[in-house]
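Laboratory data are not the source of any read-out in this text; all were calculated from the coordinates shown. Nothing here was measured: the structure is a model prediction, and the numbers come from that model. Backbone-built Cβ (ideal geometry, glycine too); neighbour counts: all protein chains shown.
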Amino acid sequence: MKRWLFCAVYIVCFQFLSLSSAFAFQMADYWPITAGNLLIFDNEIMTFSSSMQKFGQYNARKTILGATFCEDLCGNHLYLYLGPEGLLAVALYNDGGTIDVSATPVKLFSAEMQIGDSVVSTVPAGVIDSDQITFTATLSGKETVAVPAGTFKDTLVLVLLVEDSPSSHYTEKLWLAKGVGPVKIERVDESPVDNEGCLFTCGCFNRDTEHIVQREIKLEDFFSQKKGVVVVPLF
């Protein structure tokens, strides 16, 4: 009787673990960082260079964000690493200099995640800013989203909370489409108003009203070498 009960419990546990694994998403499928891929948004471009650079233990790909095109030879860019650890921002280029954060990288997602999973990473004070910055990325669900490039079903919704000082934070919401990457990015919360901190939703500053406008970025077109379209990276 005890042996039968043990076998029954084992089978139930095995089925539960198998079921749990079935709901785990391979996150690299939802944000490929292939050289030459080009995402054109209504207020931003994102492209992935063939240029790779080593930061600490990570061999990272340059990711060019072109909202400030072409200040400092094409705006800000992140150096992203995609591997067994997930998607990590290990360095950033801004204002003419590169900041290495590979010792405490910003983790945008783990290699596998289930709905409700969160990952937390912290960049110590003095590395990027005078304050410590804490990033919490949560896979919150799946949604269908319509943007100028089309309607994307079953996008993964990644919510990124950035606490950039003891009294300041902002939250960016990203819709990730399989095989494409982010198709929509929106600032959904911030404190104080017009928080200047940003990863992706930097927006545009209206000098007349002294307020930031357009905290939402929607995909207009996507070019990929997998689609047979060869895109020459900017770098």
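Place the peptides 38-50, 107-119 in order of packing, highest mean first, counting for every residue the other Cβ atoms within 10 Å and averaging per peptide.
Working: 38-50: 19.7, 107-119: 17.0.
Output ranking for 38-50, 107-119: 38-50, 107-119.
Got a sec to turn the phi values of segment 124-134 into Karplus ³J(HN,Hα) couplings, 6.51 cos²θ - 1.76 cosθ + 1.60 with θ = phi - 60°, whole Hz, x for Gly and Pro?
x, 4, x, 8, 9, 9, 6, 9, 5, 10, 10
Can you list residues from other chains, or at least 5 along the same chain, whose modelled amide H is less than 5 Å from the amide H of A91?
Answer set, sorted by chain and number: Y79, V101.
Which entries in K62/K142; K54/K142; K54/K173; K107/K142 show an alpha-carbon gap greater than 26 Å?
On the way: K62/K142 28 Å; K54/K142 34 Å; K54/K173 29 Å; K107/K142 20 Å.
Violating the 26 Å Cα-Cα cut-off are K62/K142; K54/K142; K54/K173.
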